[in-house]
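Here is the structure we will look at, set down as structure tokens.
The values are calculated or read from the model by the stated rules, or taken from the named source; none is laboratory data. Model, not experiment: these values are computed from the prediction. Using ideal geometry, Cβ is built from the backbone for each residue, glycine included, and neighbour counts are taken over all protein chains shown. Accessible surface areas use protein heavy atoms only, side chains included; no ligands, DNA or RNA. Shrake-Rupley method; radii C 1.70, N 1.55, O 1.52, S 1.80 Å.
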Amino acid sequence: ETGSSLVLDSHDRPHISYYDSTNHHLKYARYDTNWAIQTLDTDGNPGEYSSIAITSEDKVHIAYCSNYNEGLRHATWNGTSWNIETVDGGSGHNALALDSSGNPHISFSYRGCLKYAAWNGTSWDIETVDSGGARQVGYNTSLALDSVGRAHISYRDSTYGDLKYAVWTGASWIIRVIDGSGYTGWYTSIARGETGNIHIAYYNKTGGDLKYALGVPAPGDCNVDDKVDGEDLAIWQQYYDPLG
């Protein structure tokens, strides 16, 4: 069982989506007084990179890919059964977040591109964020939404080995290379603080380091290269958040 994702509901009960690598299925586990486990999807080797989120009303959403069929799928519980639909083509890496209305948003990789899907209440709006050109981008993506629903996405450029960041301004995407030192940007995880700061944790494969990037809403660009602790386990880097 690999590729797990965890969320807590309003009663602090855990809900887990995960990949059954023996049977090549997407599975789901939730705990009340004991564990209840379900197989959600078996078609096309699904679920290796699942991402789970839950609304304030405890409605569970799961995004995942079917590796053999190259399909990005979305599963949600409708109260009596799971509703599963194919959103777009997808090749593995994806991240799910819910906006203030409980609508799902997904960043995902597909054939060397970073793509983004958002449910508008009746259908999916889908667009390419970073086409990459001759490069392969979009891997190890992570997604956070701000207070007005704008997307902030961290991801890896696997051709150049860079950590990249994309943000929706309300009219267009701004894309930046945050860290290009070594072969970096693996397994990114992004979060946005209440003050607007962007926080990204990621792995630098060249040095075997855990790294951390901090984006601050202040004018100008700066880079700060400091040790988080005495063992060089992480590097703090500051950069400008273009949205302010």
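Using the 2.2 N^0.38 Å rule of thumb for compact globular proteins, work out how the chain stacks up: its C-alpha Rg over that value, please.
The value comes to 1.01.
Can you run phi through the Karplus equation (6.51, -1.76, 1.60; θ = phi - 60°) for the stretch 30-44 and list ³J(HN,Hα) in whole Hz, with x for Gly and Pro?
With coefficients 6.51, -1.76 and 1.60, one gets 9, 10, 10, 9, 7, 7, 10, 10, 10, 8, 8, 8, 10, 8, x Hz.
Over what distance in Å are the Cα centres of the stretch 1-69 and the stretch 108-123 separated?
About 20 Å separates the Cα centre of the stretch 1-69 from the one of the stretch 108-123.
Using DSSP to call loops (not H, G, I, E or B), can you name the trypsin sites (Lys or Arg not before Pro) in the stretch 59-113 whose Cβ has at most 13 other Cβ atoms within 10 angstrom?
Answer in residue order: R111.
Taking a cut-off of 26 Å between Cα atoms, list the lysines near K115, but don't count ones fewer than 8 places away on the same chain.
Result set, ordered by chain and number: K27, K59, K164, K205, K211.
Using a 1.4 angstrom probe, figure out how much accessible area the chain has per residue, in square angstrom, rounded to the nearest whole.
Roughly 47 Å² per residue, with all protein chains present.
In a Gaussian network model over the chain where Cα atoms closer than 10 Å are linked, find which of G89, G193, G185 has the largest mean-square fluctuation.
G193
Among DSSP beta bridges whose residues both lie in the chain, state the antiparallel percentage, nearest 5.
DSSP beta bridges in the chain are roughly 95 percent antiparallel.
Between rounded, prolate and oblate, where does the stretch 16-121 land on the alpha carbon gyration tensor, with a ≥ b ≥ c its root eigenvalues, rounded for a/c under 1.5, else prolate if a/b exceeds b/c?
Taking the square roots of the gyration eigenvalues as a ≥ b ≥ c, the stretch 16-121 is oblate.
In what sequence, highest mean first, do 115-121, 62-68, 141-147 appear when ranked by Cβ atoms within 10 angstrom?
In decreasing order of mean packing, 115-121, 62-68, 141-147 become 62-68, 141-147, 115-121.
What is the distance, in nm, between label points placed 7 Å from the Cα along the Cα-to-Cβ direction at Q136 and at S100?
So the two model labels end up 4.0 nm from each other.
Taking the chain as a Gaussian network, where each spring joins two C-alpha atoms under 10 Å apart, which residue of D32, D20, D130 fluctuates the most?
Result: D32 has the largest fluctuation of those listed.
Using a 1.4 Å probe on the protein chains only, how many percent of the accessible area of the stretch 6-147 belongs to carbon and sulfur?
Carbon with sulfur: 43 percent of the solvent-accessible area.
Could you work out the relative contact order of the chain, using alpha carbon pairs under 8 angstrom and six or more residues apart, expressed as a whole percent?
8 percent
Compute the length gained on full extension between S189 and S81: take 0.36 nm times their separation in residues and subtract their Cα-Cα distance, giving the result in nm to one decimal.
Residue separation times 0.36 nm, minus the Cα-Cα distance, leaves 35.8 nm.
Name the most mobile residue of A36, A75, A213, meaning the one with the largest mean-square fluctuation, in a Gaussian network model of the chain with Cα contacts below 10 Å.
A36
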